[in-house]
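Here is the structure we will look at, set down as structure tokens.
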């Protein structure tokens, strides 16, 4: 997960909060969702699978072309 936490890489945005325009980075979003998914998947004894699903669910947002076309996201 060091690649996701790498502070030298460009900032990719996952969500922009509609109420105050606060941005959440893809890295932050994926790590937070991975932790939640891991906790939920623990209930069925597959925490690593849940964590991986959480890490990958929005991984496509690490695309510069998607970032260029999605500046007006409200989610």
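The values are calculated or read from the model by the stated rules, or taken from the named source; none is laboratory data. This is a predicted model, so every value here is computed, not measured. Cβ atoms come from the backbone with ideal geometry, glycine included; neighbour counts cover every protein chain shown.
For this structure, a couple of remarks:
- Screening 49, 18, 41, 27 for residues that are outside any loop (DSSP other than H, G, I, E, B), on the phi < 0 side of the Ramachandran plot and either modelled with pLDDT under 95 or exposed (fewer than 13 other Cβ atoms within 10 Å of the Cβ) (or both) leaves exactly one candidate, 27.
- Residue match in the stretch 55-65 (condition: surrounded by 15 or more Cβ atoms within 10 Å (Cβ to Cβ) and at pLDDT 85 or above): yes
- As a summary of the residue check, residue 34 satisfies the conditions (1) farther than 14 Å from residue 57 by Cα; (2) modelled with pLDDT of 85 or more; (3) surrounded by 16 or more Cβ atoms within 10 Å (Cβ to Cβ) except for the one numbered (1).
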